[in-house]
Amino acid sequence: MGLGFIWQLRKLPLTGVAAVIIFSCIGTAYANDYLTEGYDQARTGWIKGEKLLTKANIEKMKMLWRVQLPSVQRNFHGIHTPLVIERLQTPHGVKEVAIVAGIDDQLFGVDAKTGGLLWTKQMDGALPDSTDRLCPNGQTSIPTIEKTADGKYKVWALAGDCRVWQVDPATGENLAPPQKWYQTGNFKTYALNMTNGYLVTSTSQGCGGHINAFGFFNTRDGSTMQFAPIGGGMWGRRGVAVDSQGVAWIGTGGARFQPQGGIQGPGTLATSIVGVKPNPQTHTVDVIGAHSAYNSNWIFKRDLDISVSPSIFTYAGKEMMVYTHKTCRVHLVDLAAVRAAGTKALRKTLDTTSLICNDRQLWDENGAWGVITTAQDSAGKQWVFVPFWGEKSHEFNPPIVNTPAVPGGRVWDLQLSKHGGVAAFTVDKQGDGFKLTPRWVSQDMNMGEGALFANDILCVLAIFVNKRQQGREVAWNDYITPFAEQPLPGVDMGTHATIYALDARTGKTLWTSGDHIKTWNHWNTMTLADGKVMLSTVDGVVYAFGVDPEDVKYRTQ
C-alpha cells in the first residue's frame, strides 16, 4: 500500500451452523432498543426512540431498582454497560431485557422492568486473572446485539480467549458454536460494532502481544481480518464509529504522524482518526481516509493522544465527524473531504475550538477521556456535548456557566469548574462553512465521562475516580517500581459515581442521583432506554433510575 501498513487475513470454516446473511444493521433504531454502545453505529448517544423521559417528569426520577450480579471483578474491571431489548419473547413471556457482560467472560440477562435476574452464562475457556491492570485478560468488549431480518435478536460477544459467541438474549443459550477471532487471548478490545455483516473492534495496549489494530470478523463465513495503522493504542469508550458508507473510524496514538514515511521508517497514520472498510471482493481492508490535527506530533510527544471515540452525524446535508484529544480541543471534520484525501490524510478542519479544559496540557487526570455525544434538539439545532476532566480552561467562556458561586471564594474561582463537567456547542452555518459555537458549561462534576441525549435532556455520568497515573518524583539513583506493578491511586480512592440530568439547551441541572450509587464506575458509560437510565458499577451492581409507571402513561404496543 506504500505506507508500511500491516494487514492480515485468515479464513475459518463455520462448524455445524449455516452462515447468516445480515440484511440490516444496528444503525437503525428499532422501537426503543439500545442494541450497541452509544445507541447507534455512529456512536452519537442520541436516543431518538425515547418517548417516556421528558422535562415534564424528569424531577420525579428516582432509583427504581438495583441488582447485585454474581460477577467476578478483575483489576478494577467488573460488569459493562447494559444493552436493552424493549420487547423480547422469553420463556417467561414478553419482557424488556437488559444484557450485561462481565470481565470474567460472563453474560447476564436482567429483567429491565424489575431488576430480576433471568439467566446467567459463563463462557467456557476463561483465562486466569492478570496482574497487569492494563490487560485484565478477560472480556473487555461491550457486546453488540443484532436484529435480523426475521425480527429476532442475537447477542454477539467476544470472550477473553479470543472466541466470538452468538447467544440467545432470551435464554443465554448458544445459537452457534463459538468461533476464533484472534489467534491468542489477553487482548484489549473495545465495544463491538457492526458494518455490512462484519463485527468490528479495535485493540490497544499491546496486550497479549497483539498489534494495535482494527479487527473485523465476517459473520457470514467466520473469516477475519485486521489492519494496523502502525502506532499506539486505538481506544475510545464507545469503540469504533461507523459512517453512512460503512466505514469504521477510530483514533490512533503512540507514534509520529508521517503518512509518507520519514525518520521513523515506514509510513504511519498514528495520532490520527483513521477510517477503513473491509473489502469482501479482495478479502482485504481498504484505507478510506484519515484526519490528523495540525499539531499531531506535538500531541504525540506529550502523550496527549486520542482517548475518545469519534461521533458521526449529518447536519445541513453534510456528514461530519467530531473528535478530541486529551488536549481538550474539539475538531469538526467534513467526512467527504477526509475520504477524498485518502491515505494522504486531511489536516484541515471545518472548525477547531479553543481549549475547553487542561490549560497545563497534562496527560493524566485532565482532558477529554470519555465520550462525545451529538444530537439535534426539538428545534432542529445540532449540538455537540463534550464531557471533560479537570478544571475548565480560561479560554472557554460560553455565555452560560452553571457552576455555582463559591461562598467567600476568590473572584477567579467563581467561573471555574474545578473537577470536570460538560462543555456544549452548537454547529452553526457560517458562510460556506460551519462553526462550533460555545453555548454552556455544566455545573462542577467529578470527572465528566459519558452523556446521552433524549427529548432535550442530557444525562451525564461523572465517575468520581481519581485517575492520577504519574508516580512520585524520585532521585536519579532511586529504584523505580515498574508501571504495571505500581499501586493505582485513582481506583483505590474512588468514591461513588453520580448521574446528572441537564437541560440540554442551557446546561441547568434538573436532577441528580445523589448518593444512591454506592461505588464508582470504570471503563463504562451508561444506558438510556424506555424511560430508564441504567448504570453498572465496579462491584457488579446494576442501577436503574426512572419515573414510576403511575407518573407517566406508558406506551402500548
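Looking at (1) at pLDDT below 95; (2) open to solvent by 30 Å² or more (accessible area, probe 1.4 Å); (3) among the hydrophobic types (A, V, I, L, M, F, W, C), find the lone condition where Leu175 falls short.
So the condition that Leu175 fails would be (1).
Give me the pairs: first residue in region 524-540 and over 16 Å from Leu69 (Cα atoms), second residue open to solvent by 10 Å² or more (accessible area, probe 1.4 Å) and part of a strand (DSSP E or B), beta-carbon distance under 8 Å, and six or more apart or on different chains, which are they?
Ala529/Glu86; Asp530/Glu86; Lys532/Leu64
Determine whether region 259-268 contains at least one residue that is aliphatic (A, V, I, L, M) and open to solvent by less than 20 Å² (accessible area, probe 1.4 Å).
Scanning region 259-268 turns up no residue that is aliphatic (A, V, I, L, M) and open to solvent by less than 20 Å² (accessible area, probe 1.4 Å).
Within region 376-389, restricting attention to residues that are open to solvent by 10 Å² or more (accessible area, probe 1.4 Å) and touching a residue at least 40 places away in the same chain (Cβ under 8 Å), which residue is farthest from Ala423 (Cα to Cα)?
Filtering first and then ranking leaves Ser378.
Kindly state which strands (runs of 3 or more DSSP E) lie completely within region 70-155 and contain at least 2 residues that are open to solvent by 10 Å² or more (accessible area, probe 1.4 Å), touching an Asp or Glu at 6+ places or on another chain (Cβ under 9 Å) and at negative phi.
Passing ranges, in order: 83-90, 117-122.
In region 262-288, what residues are modelled with pLDDT of 95 or more and either among the small types (Gly, Ala, Ser) or touching a Cys at 6+ places or on another chain (Cβ under 6 Å) (or both)?
Selection gives Gly275 alone.
Any idea which residue in region 298-329 is surrounded by the most Cβ atoms within 10 Å (Cβ to Cβ), counting only those that are touching a residue at least 12 places away in the same chain (Cβ under 8 Å) and on the phi > 0 side of the Ramachandran plot?
By that ranking, first place goes to Cys328.
Within region 330-372, take every residue that is charged (D, E, K, R) and touching a residue at least 60 places away in the same chain (Cβ under 8 Å) and give me the one that is most open to solvent (accessible area, probe 1.4 Å).
Out of the qualifying residues, it is Lys344.
Would you mind finding the one in Val242, Val247, Val200, Val164 that is of a type in the set (A, V, I, L, M) and within 23 Å of Asp104 (Cβ to Cβ)?
Val164 is the lone residue from the list that is of a type in the set (A, V, I, L, M) and within 23 Å of Asp104 (Cβ to Cβ).
Quick one: which residue in Gly494, Gly448 is open to solvent by less than 50 Å² (accessible area, probe 1.4 Å), within 21 Å of Pro398 (Cα to Cα) and at pLDDT 55 or above?
Gly448
Could you check region 391-402 and list, in sequence order, the residues that are more than 10 Å from Val441 (Cα to Cα) and open to solvent by less than 10 Å² (accessible area, probe 1.4 Å)?
Within region 391-402, Ser393 is the sole residue that qualifies.
Restricting to region 178-197, give me the number of residues that are part of a strand (DSSP E or B) and open to solvent by 10 Å² or more (accessible area, probe 1.4 Å).
3
Just checking, how many residues over region 301-348 are under 15 Å from Val274 (Cβ atoms) and either part of a strand (DSSP E or B) or of a type in the set (Phe, Trp, Tyr) (or both)?
Total meeting the criteria: 7.
For (1) of a type in the set (S, T, N, Q); (2) at pLDDT 95 or above, each residue gets a yes or a no:
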residue	(1), (2)
Gly2	no, no
Leu9	no, no
Thr36	yes, yes
Thr44	yes, yes
Leu52	no, no
Glu59	no, no
Gln68	yes, yes
Asn75	yes, no
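Pull up region 232-249, narrow it to residues that are in a loop (DSSP other than H, G, I, E, B) and in contact with a helix residue (DSSP H, G or I) (Cβ under 9 Å, 6 or more places away or on another chain), then point me to the one that is farthest from Trp369 (Cα to Cα).
Gln245
Can you go through Thr184, Thr252, Thr189 and tell me which one is over 22 Å from Arg302 (Cα atoms), at pLDDT 90 or above and among the polar types (S, T, N, Q)?
The conditions single out Thr189.
Exactly one condition in (1) within 29 Å of Ala423 (Cα to Cα); (2) open to solvent by 10 Å² or more (accessible area, probe 1.4 Å) is false for Thr284; which is it?
Among (1) within 29 Å of Ala423 (Cα to Cα); (2) open to solvent by 10 Å² or more (accessible area, probe 1.4 Å), Thr284 violates only (1).
The values are calculated or read from the model by the stated rules, or taken from the named source; none is laboratory data. Source: prediction; values computed, not measured. Here the Cβ is made from the backbone with ideal geometry for all residues, glycine too, and neighbour counts use every protein chain on show. Surface accessibility is based on the protein's heavy atoms, side chains included, excluding ligands, DNA and RNA. Shrake-Rupley method; radii C 1.70, N 1.55, O 1.52, S 1.80 Å.
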